[in-house]
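Single-structure report; data block below.
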Amino acid sequence: MISSRVFDRAERLIFHHRLLVVVVFTMVTLVMAWFATQLRIDAGFTKLLPLQHPYMQTFIKYQNEFGGANRIVIALMNRDGDIFSADFFRTLKSATDEVFFLPGVDRSRVKSLFTPNVRFTEVVAEGIVGGNVIPSDFTPTASGLAEVRENVLKAGIVGRLVANDFSGAIISAELLEFNPDTGERLDYSAVAARLEDKIRGKFDTDRISVHIIGFAKAIGDITDGAGRVVVFFFIAFLITALLFFTYSRNVHIVALALLCSSLAVVWQLGMLPILGFGLDPMSILVPFLVFAIGVSHGVQMVSAIRSEVYHGNDFEQSSRRAFRRMLLPGAVALASDTVGFITILLIDIGIIREMAITASIGVGIIIFTNLLLLPVLMSFLGHADAYRQKLVRRADLLAAFWRSLSTVTLPGRSLAVIAIALLLLLFGITKGKEVKIGDLHQGVPELRADSRYNLDSKVITQSFSIGVDVMTVFAETKAEGCIDYTIMNAIDQFAWHMSNVAGVKSVLTLPAVAKMINAGWNEGNLKWWVLPRNQAALVQATSPIDTASGLLNKDCSVIPITLFAADHRAETIQNIVQQVKLYDEQYGYEDLRFKLAGSNVGVMAATNEAVQAAQFPILLYVFSAVFF
């Protein structure tokens, strides 16, 4: 009784001041539209990280020493022949220089055949010597190219920086989260555009093809695809308008309902800059979701008003009565949706939290635009008698159909419907257990399988023993662990084990390089391709390896093991993670633990686990909110 009086008062207050309501909504919409013009694309790598996850704690702990996971990989492939030609090396040198000066690039972590951090070592009569793979006095003559070929083999970078069949070479770099030149968050769309303009556009020719992968490039391609998303939105808008007109049989009603749903999107986009948010390319579809929810509730409000018109009321009276009828159930439904989106905040990942906040704001706004503004606007419509005649004719035309359909409520048929529903429930539960958390295919799932990015990823994966899918396992040990045979041998055994795990293409670690150097000290004899048990010999085998290699830290207390994965599918990541954990449980001890995880596959593993851990609590909270 109290709620009825409240709704009566609300109805009188709103509909007695209809023009004022319209003016207020118009002014707010203009303000929100202006703020919406200030909205900027805001992509960030750290937003993808579940920062409180144990893997990410390890990742952050060693990020400054061993680099992060935000990499770009550029492969230059010779379309006909191998890389050992003057033209290819001139192109590789120029492309390396361009990458070095890309905005936001960590210049100390750029790698290619032309960077000084790519070196080789060999044993000569005077002892061990080394140098840059491409010497400072290099000239692309036959003898110079032959020398580089030998240095590539000595450096052991075939499959990593040089294609397995010598048909291409890689330039890799790590990006910083903030542009050191401006101090602002790195604009990934600008980086992607620069990669296309200065790298692919400049060096992709009829002799050399360029292939680029990495987070920045993926974000750029997704952002570029946003224009097509807008086109699809307008197509969907027109289809929605057509279906709505078929249902309502009134152009004015369709226009008002779609207008109110569109206003919800404008308000939502305007609120983001006010709250300090941008629009991440990964959440570009959220405004369209809000529009769809708005249309759904718009149809319900229109249906309630049509029902009142059908029973003899004019549009103003129908709108008033529908407002009283729909305000409470509509508000409860939208509040349930809002709380449902808010529960997604339980997933401790920045981008998912932003999506939850964005969607919650949009759905909350629909309460005002579709439950309040829409009936007010429809109250101004006239010609209710003519519209009523249309509704009567349609009701008479469809009466037989609805009578026939209503027979499913009879006892016999209703039991059949319930049985079918139970079977579908059982099927859903069974198949629901097979849902994978993570990606199901190679490449970037946000892009089409035949997109340029995914094709580039396929070329790099097929031609090299590595790609952009890398996981780093950190072997935490005591200081000077790299000159302790027991520890180095245990790490080597772990690397051998992981190299035989399904989904791992290759493994790079300090003991493997130390064994190669040890053999070099012994005239390259394969019998000496082992870890020396003598500590002095082990010191001799590891001393040429500096921290710039990324194979050890300053005091040798952390030794990274780099696993190059075949792809980043959910089952691949899960299998690798399980094997690492199992091995650490069985063979790890106080002086040696294998800790997950760094690089981009480590990030994906943490993300998948964070989502999986929050999946059922979120469902519980959503159902509880709806029940409440």
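The values are calculated or read from the model by the stated rules, or taken from the named source; none is laboratory data. Bear in mind that the values here come from a model prediction, so they are computed numbers and not experimental data. Cβ sites come from the backbone with ideal geometry, for glycine too, and all protein chains shown count toward neighbours. Calculation scope for accessible area: heavy atoms of the full protein, side chains included, ligands and nucleic acids excluded. Shrake-Rupley method; radii C 1.70, N 1.55, O 1.52, S 1.80 Å.
Can you spot a residue in the stretch 18-34 that is in contact (Cβ under 8 Å) with a residue 12 or more places away in the chain, among the aromatic types (Phe, Trp, Tyr) and open to solvent by 60 Å² or more (accessible area, probe 1.4 Å)? Steps first, answer last, please.
As a first pass, look at the stretch 18-34 and keep what is in contact (Cβ under 8 Å) with a residue 12 or more places away in the chain: 18, 21-22, 25, 28-29, 31-34.
Now drop any that are not among the aromatic types (Phe, Trp, Tyr), which leaves 25, 34.
In the following step, the residues that additionally are open to solvent by 60 Å² or more (accessible area, probe 1.4 Å) were identified as 34.
The answer is yes; a qualifying residue exists.
Within the stretch 182-195, can one find any residue that is among the β-branched types (Val, Ile, Thr) and either at pLDDT 90 or above or open to solvent by 10 Å² or more (accessible area, probe 1.4 Å) (or both)?
Yes.
Are there helices (runs of 4 or more DSSP H) fully within the stretch 1-75 with at least 1 residues that are in contact with a strand residue (DSSP E or B) (Cβ under 6 Å, 6 or more places away or on another chain) and at pLDDT 80 or above? List them. So that I can check it myself, show each step before the final result.
Values: elements: 2-15, 18-37, 54-66.
Helices (runs of 4 or more DSSP H) meeting the threshold: 54-66.
Note down all Cβ pairs under 9 Å where the first residue falls in the stretch 367-384 and is over 16 Å from Arg321 (Cβ atoms), the second is open to solvent by 10 Å² or more (accessible area, probe 1.4 Å) and not in a helix (DSSP H, G or I), and they're at least six residues apart or on different chains.
Matching pairs, first to second residue: Gly382/Asp314.
Which of the residues spanning the stretch 282-327 are outside any helix (DSSP H, G or I) and open to solvent by 60 Å² or more (accessible area, probe 1.4 Å)?
Pass one, the stretch 282-327, residues outside any helix (DSSP H, G or I): 284-285, 311-314.
Within the stretch 282-327, Leu285, His311, Asp314 meet the criteria.
Identify, please: which residue in the stretch 412-447 is charged (D, E, K, R) and under 29 Å from Ile573 (Cα atoms) and is, among those, modelled with the highest pLDDT? Give the steps one after another, and end with the answer.
To start, the set of residues in the stretch 412-447 that are charged (D, E, K, R) comprises 413, 431, 433-434, 436, 439, 446.
Now narrow it down to the ones that are under 29 Å from Ile573 (Cα atoms): 431, 433-434, 436, 439, 446.
On the way: Lys431: 86, Lys433: 77, Glu434: 76, Lys436: 74, Asp439: 64, Glu446: 71.
Per the stated criteria, the residue is Lys431.
Look at Leu620 and say whether it is at pLDDT 85 or above, out of contact with any helix residue (DSSP H, G or I) (no Cβ under 8 Å at 6 or more places or on another chain) and more than 21 Å from Val444 (Cβ to Cβ).
Details: at pLDDT 85 or above: no; out of contact with any helix residue (DSSP H, G or I) (no Cβ under 8 Å at 6 or more places or on another chain): yes; more than 21 Å from Val444 (Cβ to Cβ): yes.
Considered against the rule, which asks whether it is at pLDDT 85 or above, out of contact with any helix residue (DSSP H, G or I) (no Cβ under 8 Å at 6 or more places or on another chain) and more than 21 Å from Val444 (Cβ to Cβ), Leu620 comes out as no.
Here are some conditions: (1) open to solvent by 60 Å² or more (accessible area, probe 1.4 Å); (2) of a type outside the set (Phe, Trp, Tyr); (3) over 30 Å from Gln38 (Cα atoms). Leu275 meets all but one. Which one does it not meet?
Of (1) open to solvent by 60 Å² or more (accessible area, probe 1.4 Å); (2) of a type outside the set (Phe, Trp, Tyr); (3) over 30 Å from Gln38 (Cα atoms), only one is false for Leu275: (3).
Looking at Val302, Val332, which is the one that is out of contact with any His (no Cβ under 7 Å at 6 or more places or on another chain) and under 22 Å from His252 (Cβ atoms)? Give the derivation first.
Values: Val332 fails: under 22 Å from His252 (Cβ atoms).
That would be Val302, the only listed residue that is out of contact with any His (no Cβ under 7 Å at 6 or more places or on another chain) and under 22 Å from His252 (Cβ atoms).
I'd like to know if the stretch 218-239 contains one or more residues that are modelled with pLDDT of 85 or more, of a type outside the set (A, V, I, L, M, F, W, C) and assigned to a helix (DSSP H, G or I).
Looking only at the stretch 218-239, we keep the residues that are modelled with pLDDT of 85 or more, and these are 234-239.
Narrowing further to those that are of a type outside the set (A, V, I, L, M, F, W, C): none.
No.
Please go through the stretch 514-528 and give me each residue that is at pLDDT 85 or above and within 13 Å of Ser549 (Cβ to Cβ), ordered by number. Working first, answer last.
Filtering the stretch 514-528 down to residues at pLDDT 85 or above leaves 514-515.
Matches in the stretch 514-528: Ala514 only.
Condition test on Leu551, is it within 14 Å of Gly156 (Cβ to Cβ) and either of a type in the set (Asp, Glu) or part of a loop (DSSP other than H, G, I, E, B) (or both)?
yes
Would you mention how many residues in the stretch 105-146 are part of a loop (DSSP other than H, G, I, E, B), modelled with pLDDT of 85 or more, surrounded by fewer than 17 Cβ atoms within 10 Å (Cβ to Cβ) and of a type in the set (S, T, N, Q)?
2
Does the stretch 563-597 hold any residues that are part of a helix (DSSP H, G or I) and under 21 Å from Pro50 (Cα atoms), and which are they?
Filtering the stretch 563-597 down to residues part of a helix (DSSP H, G or I) leaves 570-587.
Selection gives Ala570, Glu571, Thr572, Ile573, Gln574, Asn575, Ile576, Val577, Gln578, Val580, Lys581.
Within the bounds of the stretch 161-170, is there any residue that is touching a Lys or Arg at 6+ places or on another chain (Cβ under 9 Å), touching a residue at least 40 places away in the same chain (Cβ under 8 Å), closer than 26 Å to Leu48 by Cβ and outside any loop (DSSP other than H, G, I, E, B)?
yes
For Thr430, which of the numbered conditions (1) under 42 Å from the mean Cα position of the chain (by Cα); (2) of a type in the set (Ser, Thr, Tyr); (3) under 30 Å from Asp314 (Cα atoms) fails to hold?
Evaluating Thr430 over (1) under 42 Å from the mean Cα position of the chain (by Cα); (2) of a type in the set (Ser, Thr, Tyr); (3) under 30 Å from Asp314 (Cα atoms) leaves (3) as the failure.
Can you name the condition, by its number, that Ile429 falls short on among (1) within 30 Å of Thr607 (Cβ to Cβ); (2) surrounded by 11 or more Cβ atoms within 10 Å (Cβ to Cβ)?
Going through (1) within 30 Å of Thr607 (Cβ to Cβ); (2) surrounded by 11 or more Cβ atoms within 10 Å (Cβ to Cβ) one by one, Ile429 breaks only (2).
Can you pull out every residue in the stretch 563-614 that is among the aliphatic types (A, V, I, L, M) and touching a Gly at 6+ places or on another chain (Cβ under 7 Å)?
First, pick out the residues of the stretch 563-614 that are among the aliphatic types (A, V, I, L, M): 563, 565-566, 570, 573, 576-577, 580, 582, 592, 596-597, 601, 603-606, 610-611, 613-614.
Once the filter is applied, which keeps residues that are among the aliphatic types (A, V, I, L, M) and touching a Gly at 6+ places or on another chain (Cβ under 7 Å), the stretch 563-614 yields Ala565, Ala566, Ala570, Ile573, Ile576, Leu596, Met604.
Is it true that some residue in the stretch 89-102 is closer than 28 Å to Asn608 by Cα, surrounded by fewer than 17 Cβ atoms within 10 Å (Cβ to Cβ) and under 26 Å from the mean Cα position of the chain (by Cα)?
The first filter runs over the stretch 89-102 and keeps only residues closer than 28 Å to Asn608 by Cα, leaving none.
Scanning the stretch 89-102 turns up no residue that is closer than 28 Å to Asn608 by Cα, surrounded by fewer than 17 Cβ atoms within 10 Å (Cβ to Cβ) and under 26 Å from the mean Cα position of the chain (by Cα).
Could you check the stretch 541-594 and list, in sequence order, the residues that are hydroxyl-bearing (Ser, Thr, Tyr), open to solvent by 50 Å² or more (accessible area, probe 1.4 Å), more than 24 Å from Val118 (Cβ to Cβ) and in contact (Cβ under 8 Å) with a residue 12 or more places away in the chain?
As a first pass, look at the stretch 541-594 and keep what is hydroxyl-bearing (Ser, Thr, Tyr): 542-543, 547, 549, 557, 562, 572, 583, 587, 589.
Those still in the list that are open to solvent by 50 Å² or more (accessible area, probe 1.4 Å) too: 543, 547, 587, 589.
Retained after the next criterion (residues that are more than 24 Å from Val118 (Cβ to Cβ)): 587, 589.
Correct list: Tyr587 only.
Within the set of pairs 6+ apart or on separate chains, which have a first residue in the stretch 605-620 that is under 15 Å from Phe341 (Cα atoms), a second that is open to solvent by 30 Å² or more (accessible area, probe 1.4 Å) and assigned to a helix (DSSP H, G or I), and C-beta atoms under 7 Å apart?
Ala614/Leu346; Pro617/Leu346; Ile618/Ile344; Ile618/Leu346
Here are some residues: Ala419, Ala479, Ala502, Ala475. Which one is of a type outside the set (Val, Ile, Thr) and crowded, with 18+ Cβ neighbours inside 10 Å?
Details: Ala419 fails: crowded, with 18+ Cβ neighbours inside 10 Å; Ala479 fails: crowded, with 18+ Cβ neighbours inside 10 Å; Ala502 fails: crowded, with 18+ Cβ neighbours inside 10 Å.
Ala475 is the lone residue from the list that is of a type outside the set (Val, Ile, Thr) and crowded, with 18+ Cβ neighbours inside 10 Å.
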